[in-house]
1. Out of the residues in the stretch 42-51 meeting the condition of being open to solvent by 50 Å² or more (accessible area, probe 1.4 Å) and touching a helix residue (DSSP H, G or I) at 6+ places or on another chain (Cβ under 8 Å), tell me which one is farthest from LEU78 (Cα to Cα).
2. Filter the stretch 52-66 down to the residues that are surrounded by 13 or more Cβ atoms within 10 Å (Cβ to Cβ), farther than 12 Å from GLY7 by Cβ and not small (Gly, Ala, Ser) and list them by number.
3. For LEU32, which of the numbered conditions (1) in contact with a Leu (Cβ under 9 Å, 6 or more places away or on another chain); (2) open to solvent by less than 50 Å² (accessible area, probe 1.4 Å) fails to hold?
4. When you check GLY115 against the structure, is it farther than 28 Å from GLY4 by Cα, modelled with pLDDT under 80 and under 18 Å from the mean Cα position of the chain (by Cα), yes or no?
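The values are calculated or read from the model by the stated rules, or taken from the named source; none is laboratory data. These figures come from a predicted structure and were not determined experimentally. Ideal geometry is used to build each Cβ from the backbone, glycine not excepted, and the neighbour counts take in all protein chains shown. Just so you know, the surface numbers come from the protein's heavy atoms only, side chains and all, with ligands and any DNA or RNA stripped out. Shrake-Rupley method; radii C 1.70, N 1.55, O 1.52, S 1.80 Å.
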Amino acid sequence: MAVGLTGFFFPFFGAALVAHYVVGWAWRPSWLAGVALSTTSVAVVYAVMLELGFNRTIYGKAILAACFINDLGTVIALGLIFSPFTVRTMIFVGAALFVFLVLPFATQWIFERYGGRVSELETKYLLFLLFGLAGWRSGPAAKPFCRLT
């Protein structure tokens, strides 16, 4: 975790500060430059790990974990830079925290009570949760991500 966080934050802040103070960019483009120069390519790292056989070693697994943590930092940074923060954002964060705290207990109870049947409720339940989290929009006024016209 330390390698992944260090690998994200040092290039992120370094590139952002250089872009702002040396190159003269505004803060938002500077932050974007920091994100661009601090991210890793898990696909490239994983391909090299597979080719060299490091994916089976503890060293290789640690490097891949660091890459995933680095990419998680990239996703969070992009969200913080470009997302508008309103009251609706706070409502969503509160609801998400509540759901994430309750969900493990509810999932365990549902699996113990209804799991192991031919209908494979576990798979349907997990897919329902994943699609529900991915497709949640803030009411009828929400705009689609893209328009196919």
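1. By that ranking, first place goes to VAL48.
2. Passing the criteria: PHE54, ASN55, LYS61, LEU64.
3. (2) is the only condition that LEU32 fails.
4. no
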